1. Do we have any residue at all in the range 285-296 that's part of a helix (DSSP H, G or I), among the acidic types (Asp, Glu) and either surrounded by fewer than 16 Cβ atoms within 10 Å (Cβ to Cβ) or modelled with pLDDT of 75 or more (or both)?
2. Which of the following residues is modelled with pLDDT of 65 or more, out of contact with any Leu (no Cβ under 8 Å at 6 or more places or on another chain) and part of a loop (DSSP other than H, G, I, E, B): THR60, THR56, THR52?
3. For the range 130-148, what are the residues that are surrounded by fewer than 22 Cβ atoms within 10 Å (Cβ to Cβ) and in contact with a Leu (Cβ under 8 Å, 6 or more places away or on another chain)?
4. Just to check your reading of the model, which residue among ARG42, ARG104 is outside any loop (DSSP other than H, G, I, E, B) and modelled with pLDDT under 95?
5. Taking GLU232 as the residue in question, decide whether it is without any contact (Cβ under 8 Å) to a residue 24 or more places away in the chain and at negative phi.
6. Would you call ALA35 within 25 Å of the chain's Cα centre (by Cα), among the aliphatic types (A, V, I, L, M) and at pLDDT 80 or above?
7. State whether the residues of the range 259-267 include one that is at pLDDT 95 or above and surrounded by fewer than 11 Cβ atoms within 10 Å (Cβ to Cβ).
8. For the structure I just gave you, tell me whether ARG197 is at pLDDT below 95 and touching a Pro at 6+ places or on another chain (Cβ under 8 Å).
Amino acid sequence: MTDNADGTDSTDGIAEESVERDGGRRSFPGISSRAYEHPADRSALVALRKLTGFDTVFRTLSGMLPERSLRLLFLSDSVRVGEEQFAHLHEMLLDACRVLDVERVPPLYVTQDPNPNAMCIGLDQPIIVLTTGLVELLDEDETRVVIGHEVGHALSGHAVYRTILLFLTSLAVRVAWIPLGNIAIMAIVTALREWFRKSELSADRAGLLVGQDEEVSLRALMKLAGGNHLHEMNVEAFLAQAEEYEAGGDLRDSVLKILNVLPRSHPFAAVRAAELRRWARGRDYQRIMDGHYPRRDGDKDASVSGAFRESAGHFGERVRTSRDPLMKLVSDVAGGAGELGGRLRDFATGQGRSRGTGTKGAGTTDPGSAGTGDGGDDGPGGPSGSAPPPGDR
């Protein structure tokens, strides 16, 4: 029995010897997107679905957005990848689908745009689009990672929400002159962007599973940040930037970080690199590479509560271990609230009175008693019934 990525026990892991190999890289038959999904991706999606009015908007737009229109747009104004056009990209797409065991190969297009970008959109069947800026920026191994990233989006079902995000962003611009209408749309757009930033972390993991070379994945992210100047850049120095970003500054910097990322659809490249490095060096990635992962045929039986617990546990751990001043404040406030709650509980049950009944200056048989003449404040060596310090819960 193995542990699923959502924290539940399962017998759907497969043995290492059943994992196929091709050119030194492994494939993962029947792999579920649960294997690589970032906990924050799932928690943000849950929060998005709870947003007032989102279900109505989602159902309405799902019926309004014509799939055929999207296909005609790219068919008429982009280059469709195949055996006769961008054949090397076609081979990479087939390979990524083989590795992640995606039977229905998404159509792939290259569109003229100097900005390096890629996206996976569509409702019934996802479409993957690469810009010429991206194709010209990355080498073959790095491009394989990006295509794997987009196939990961398709496998996770992210394309539907991305399509709605693109439509609502365009709609928000058109109705900007309507105050209340714009506010309502922007609330959903903001929530969608928060989810999509988290979904990028999941897709980065899928890209690593396809490329199976940590340095290549990190190099691709570094190029997205600094361009095609590898001789001037260093992966470890780039990761050090992320460490400085996450740990540096005061509360003002923490607020500025939030404001800077709000309008973006993607997390910052250095932050993505650091997140991917942590996962690549962790137990979950190695278990997948060893052939132990949740399978799609077990998705219907996956524990929703287990996924929620994992998401909450991930956030709590990040808050406790983060060096960001705002996250430290959140941790301290949460810990302080827990300590206060413990004291109130003791008082309500009478434990607090039994420990501190001595009047000012009076003696007591409890060595940790508050009756020491200082008003009864519990210090670090206070009564054993007090709440543990922040971070010990």
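The values are calculated or read from the model by the stated rules, or taken from the named source; none is laboratory data. Being a predicted model, the structure only gives us computed values, none of them experimental. Cβ coordinates were reconstructed from backbone atoms using ideal geometry, including for glycine residues, and neighbour counts include every protein chain displayed.
1. Taking the range 285-296 first, the residues part of a helix (DSSP H, G or I) are 285-289, 296.
From what's left, among the acidic types (Asp, Glu): none.
No.
2. Details: THR60 fails: part of a loop (DSSP other than H, G, I, E, B); THR56 fails: part of a loop (DSSP other than H, G, I, E, B).
Of the residues listed, the single one that is modelled with pLDDT of 65 or more, out of contact with any Leu (no Cβ under 8 Å at 6 or more places or on another chain) and part of a loop (DSSP other than H, G, I, E, B) is THR52.
3. Matches in the range 130-148: VAL135, LEU137, THR143.
4. Numbers: ARG104 fails: outside any loop (DSSP other than H, G, I, E, B).
That would be ARG42, the only listed residue that is outside any loop (DSSP other than H, G, I, E, B) and modelled with pLDDT under 95.
5. Values: without any contact (Cβ under 8 Å) to a residue 24 or more places away in the chain: yes; at negative phi: yes.
For GLU232, the condition - without any contact (Cβ under 8 Å) to a residue 24 or more places away in the chain and at negative phi - is met.
6. Details: within 25 Å of the chain's Cα centre (by Cα): yes; among the aliphatic types (A, V, I, L, M): yes; at pLDDT 80 or above: yes.
Here the answer is yes, as ALA35 does meet what is asked.
7. Kept after step one, since they are at pLDDT 95 or above, are these residues of the range 259-267: none.
No, the range 259-267 has no match at all.
8. Values: at pLDDT below 95: yes; touching a Pro at 6+ places or on another chain (Cβ under 8 Å): yes.
Criteria met by ARG197.
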